[in-house]
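Input: a single structure, listed below in structure tokens.
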Amino acid sequence: MNRRQCREEAFKILFGIEFHPREEVENQIRLALEEIEDLKEDDWRFIHDRVTQIADHCEEIDAAINEVVEKWKTTRMGKAELALIRLAVYEILHDDDIPTSVAINEAVELAKKYGQDSSGAFVNGVLAKFA
């Protein structure tokens, strides 16, 4: 599994945990990762760590997003778009191995795949203001 695929799996889990209590994050990760066939240990660790770290830093990430957006606080954003924006913002703030442009591009591509027609542009706009 390449990093793009791992990021996509992390996004799916981040999206799903929005519909469950925070204390169930670990269980939701486990259930989602059990569904992936032939998941290598490195990929499992990347996905698990990425999701738990974003969940742990969610308030900080949302505050950072809310500082730069106008008229679109995180409470008003679609769940898919918000999960992607959180993922990218986390990578921008906390993962020095991922260039900002890559974090933004990956989020935009996933938004085009999983969001509405305007999701890619919306995610790009929010992340451009953030970056």
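Taken together, the values in this text are just the output of simple stated rules run on the coordinates, not laboratory data. Quantities reported herein were computed from a predicted structural model and do not represent experimental measurements. Here the Cβ is made from the backbone with ideal geometry for all residues, glycine too, and neighbour counts use every protein chain on show.
I need the fraction of alpha carbon pairs in the chain separated by more than 22 Å, rounded to a whole percent.
30
Dipole magnitude for the stretch 90-131: computed about the Cα centre from +1 point charges on Lys and Arg Cβ and -1 point charges on Asp and Glu Cβ, it is near 280 debye. Loop-located chymotrypsin sites (Phe, Trp or Tyr not before Pro) in the stretch 1-62 (DSSP state other than H, G, I, E, B) with a sparse environment of at most 11 neighbouring Cβ atoms within 10 Å: Phe19. Placing dummy labels 7 Å off each Cα toward the beta-carbon, the span from Arg22 to Ala131 is 2.9 nm. Here the relative contact order of the chain, from alpha carbon pairs under 8 Å that lie six or more residues apart, stands at 23 percent.
Residues within the reach of a label modelled at His94 (point 7 angstrom out along Cα to beta-carbon, backbone nitrogen below 15 Å), restricted to the stretch 53-79, are 53-65.
Between Lys112 and Thr75, the modelled label-to-label distance comes to 3.4 nm, taking each label 7 Å out from Cα in the direction of the beta carbon. If you bin all the Cα-Cα distances of the stretch 58-110 at 10 Å, starting from zero, the percentages per bin are 25, 56, 18, 0.
Dipole of the chain computed with +1 at Lys/Arg Cβ and -1 at Asp/Glu Cβ about the Cα centre; of Ser118, Val89, Ala63, farthest Cα towards the positive end is Ser118.
Computed extension length for Val68-Trp44: 5.4 nm, one decimal, from 0.36 nm per residue of separation with the Cα-Cα distance subtracted. Result for the chain in a Gaussian network model with C-alpha springs under 10 Å: among Ile98, Ile29, Ile47, the largest mean-square fluctuation is at Ile98. Rounded to the nearest 500, the helix-only mean residue ellipticity at 222 nm of the chain stands at -23000 deg cm²/dmol, with each DSSP H run of n ≥ 4 adding -39,500 (n - 2.57).
Which residue, Gly16, Gly115, Gly78, tops the fluctuation ranking in a GNM of the chain built on C-alpha contacts under 10 Å? Result for the chain, Cα springs under 10 Å: Gly78 fluctuates most. For Arg3 and Thr52, the difference between the fully extended length at 0.36 nm per residue and the C-alpha to C-alpha distance is 15.9 nm.
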